[in-house]
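Colleague: Quick one: the structure is below, questions incoming.
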């Protein structure tokens, strides 16, 4: 696992690196520390990590300047901050976890467990999906996304207006962050079940989900019954 810590207080950065190193002692890992936004951006452009631990106050600069770019990327982000009042905002933009300072080993173990989980229970609902477009980052309201389709190492967001956007995260990483009404209906699809009109069963154990706009999406045969039952409740 490749981990980047972005923290300007050397003592806190060293403690965070030490504790993470202890937790991951039995696994292959690398931990890097960068104290400024500029150094963090340079590192991320050169060597994207698997997991980012990000402080929100970096020598007086707002870590949210990096956060929106981070949540649009393939890796997951954990905020580590004394500004607990910003936790809700951070979750709305798609962080995996928010660790309040002062932290201990048990809390960091929980953050790493969330990273390894297929799906995690979020204390606040995701509201935006950040998408990189050239040198800019666009925050797309989640309620404008109808479904998400796997596109190799990326995920394709299909919007209500018919347009599509590529997100830097895989389906698996997005699934960790999405609210419960978003479900994996097929190995290649995540769907907002609130958009479902009806479930279709065909000969040969083939299943489809029809959305409100008439779109037909495939449904995995092992998922059909459970998803239909969840939709009916």
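Colleague: It is to be established whether one or more residues within region 142-155 are surrounded by 18 or more Cβ atoms within 10 Å (Cβ to Cβ), assigned to a helix (DSSP H, G or I), at pLDDT 95 or above and outside the structural domain of residue 50 (by TED's automatic domain parsing).
Modeller: yes
Colleague: Same structure, new question: Only one of these is touching a residue at least 40 places away in the same chain (Cβ under 8 Å) and either exposed (fewer than 14 other Cβ atoms within 10 Å of the Cβ) or in the same structural domain as residue 228 (by TED's automatic domain parsing) (or both): 183, 122. Name it.
Modeller: Every option except 183 fails the conditions.
Colleague: Kindly evaluate residue 198 against the criterion of being loosely packed, with under 15 Cβ neighbours inside 10 Å and either touching a strand residue (DSSP E or B) at 6+ places or on another chain (Cβ under 8 Å) or at pLDDT 95 or above (or both).
Modeller: Judged against the criteria, residue 198 is a match.
Colleague: Name the residues in region 201-211 that are within 21 Å of residue 180 (Cα to Cα) and exposed (fewer than 12 other Cβ atoms within 10 Å of the Cβ), would you?
Modeller: The answer is none; no residue qualifies.
Colleague: Now for a different question. Do we have any residue at all in region 70-79 that's surrounded by fewer than 17 Cβ atoms within 10 Å (Cβ to Cβ), outside the structural domain of residue 177 (by TED's automatic domain parsing) and in contact (Cβ under 8 Å) with a residue 12 or more places away in the chain?
Modeller: yes
Colleague: Among the residues of region 2-14, is there at least one that is within 27 Å of residue 153 (Cα to Cα), touching a helix residue (DSSP H, G or I) at 6+ places or on another chain (Cβ under 8 Å) and part of a loop (DSSP other than H, G, I, E, B)?
Modeller: No, region 2-14 contains no residue that is within 27 Å of residue 153 (Cα to Cα), touching a helix residue (DSSP H, G or I) at 6+ places or on another chain (Cβ under 8 Å) and part of a loop (DSSP other than H, G, I, E, B).
Colleague: Listed residues 90, 111, 106; which is buried (at least 20 other Cβ atoms within 10 Å of the Cβ), at pLDDT 95 or above and assigned by TED's automatic domain parsing to the domain that holds residue 11?
Modeller: 111
Colleague: Of 178, 190, which residue is surrounded by 20 or more Cβ atoms within 10 Å (Cβ to Cβ) and under 18 Å from residue 75 (Cα atoms)?
Modeller: It is 178.
The values are calculated or read from the model by the stated rules, or taken from the named source; none is laboratory data. Quick caveat, the model's predicted, so the values are computed rather than measured. A quick note on method: Cβ atoms are made from the backbone with ideal geometry, for glycine too, and the neighbour counts reach across all protein chains shown.
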